[in-house]
Amino acid sequence: MATITTKLLNLIKISIFLISIFTPKAHAQSNECNSQSNNSCNDKSAALPLKIIAIVSILVTSMIGVTLPLFTKKIPALHPDRNLFVIVKAFAAGIILATGFMHVLPDSFDMLWSDCLKENPWHKFPFTGFVAMLSAIVTLMVDSMATAIYSSNQKKSSSTAIAPHHQGEDDEEAVVERGEQEMAAAPPRPAGHFHGHHHGMGKDRESFDTQLLRYRVVAMVLELGIVVHSVVIGLSLGASNNTCSIKGLIAALCFHQMFEGMGLGGCILQAEYKFLKKALMVFFFSVTTPFGIALGIGMSSIYKENSPSALIAVGLLNASSAGLLIYMALVDLLSADFMGPKLQGSINLQIKSYIAVLLGAGGMSLMAKWA
Ligand SMILES: [Zn+2]
């Protein structure tokens, strides 16, 4: 009887030992890929008010960030020479570049290389780089073809009509446009993407129109490129119930959105939209992360950050927006400005602008530490 008891005890000990070896692994695996960890920090009811605070504070800081560059136009002392305008744009371009390289691209690599995905094909081929590359080529294609089509249309109609978006714009913008026109009247850009049809007096107006249209398209496409990342970071905050980390995450996201907003704001500034469109772009950007948080709260029972389908969908979206952001930041924002007449005319302004680019890119890179 005693031997049976000791044998039984040993068997139990061994089985507990075996279970203790294998379960943490299995548990960790399922934790990582299927559900949220069950540590003491997880408290759904305590996390909800924090998320509400996050929605409000991120909404406000995003709005501050994105409207801040738009106010530089209102400073009269800095208006005439417009050097500040160029520097603000360079700063904004730096932020967009770092968003692509430091936030969106690494996120995509993380997701598509995740251990929660099958070895084949996800670990056999660098999908992130491939999709980002294709996306950059597609952006170039859309860019060049749209410009070509617009230019040929413009050529046909330039003798008969003035472009419609110059009618009905308020006085303040008209003043700005005249300023821009003077800039555009400078010698043609060495690295210009558009080879205008130079005939007579319409030349300046035409190249200015093409340039402005370009800026407008760039601002809108950039907003779309940023949206994926903004929604995803909101989504992961909304779906998390970890009260220990959520406070730090809220602060990080507020800075993140404010800074990213400054980048986008700089691009909206040069697009010179009318008030309503500007307000719409500001609104759209500001609500993306709060919308992501709300979505995360609503779907916290369904949405699993590490489920294969979520990883693949979000990873591929991130890869394509990374390609788009990097292309646009380098070609449409940085190269267009630095190779343009204004900066080519002054090494001093170039140096100031490069400092602005480095500050923008450095600041946004720092944010990558948190979100
Ligand atoms: Zn980020």
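Read-outs throughout are calculated quantities, based only on the coordinates presented, and are distinct from any laboratory measurement. These numbers were taken from a predicted model, which means no experiment stands behind them. Heads up, the Cβs are rebuilt from the backbone with ideal geometry, glycines too, and the neighbour counts pull from every protein chain shown.
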Using a 10 Å cut-off on Cβ atoms, rank the peptides 144-156, 120-132 from the highest mean neighbour count down. 120-132, 144-156
When a/c is below 1.5 the answer is rounded, else prolate if a/b is larger than b/c, else oblate, so apply that to segment 84-150 with a ≥ b ≥ c taken from the square roots of the Cα gyration tensor eigenvalues. oblate
Using only alpha carbons, build the gyration tensor for segment 310-371 and give me the equivalent ellipsoid semi-axes, biggest first, whole Å. 30, 16, 4
Using the structure shown, list the pairs from Lys51/Lys247; Lys124/Lys304; Lys277/Lys352; Lys155/Lys278; Lys277/Lys342; Lys89/Lys369 with a Cα-Cα distance above 20 Å, or answer none. Lys124/Lys304; Lys277/Lys352; Lys155/Lys278; Lys277/Lys342; Lys89/Lys369
Classify segment 217-371: rounded, prolate or oblate, from the alpha-carbon gyration tensor (a ≥ b ≥ c, eigenvalue square roots; a/c under 1.5 rounded; otherwise prolate if a/b is larger than b/c)? prolate
Could you go through segment 59-73 in sequence order and give the Karplus-derived ³J(HN,Hα) for each residue, using 6.51 cos²θ - 1.76 cosθ + 1.60 with θ = phi - 60°, rounded to whole Hz, and x for Gly and Pro? 4, 5, 5, 4, 4, 4, x, 6, 8, 3, x, 5, 7, 4, 5
Charge dipole of segment 201-300 about the Cα centre (unit charges at C-beta), most positive-ward option of Ser300, Thr210, Val228: Thr210
How long are the semi-axes of the equivalent ellipsoid of segment 221-284, taking √(5λ) for every eigenvalue λ of the Cα gyration tensor, in whole Å from largest down? 28, 11, 9
Find out how many positive minus negative residues lie around Ile326, taking Lys and Arg as positive, Asp and Glu as negative, among other residues whose Cβ is under 14 Å from that of Ile326. -3
Whole-Hz couplings from phi, Karplus 6.51/-1.76/1.60, listed for segment 109-126; x for Gly and Pro: 4, 4, 5, 7, 9, 4, 5, 7, 9, 5, 4, 10, x, 5, 9, 9, 8, x
On a full-extension model of 0.36 nm per residue, what is the gain between Ser309 and Trp370, subtracting their alpha-carbon distance, rounded to one decimal in nm? 19.5 nm
If each residue's Cβ is checked for other Cβ atoms within 10 Å, how do Phe275, Phe285 rank with the fewest at the top? Phe275, Phe285
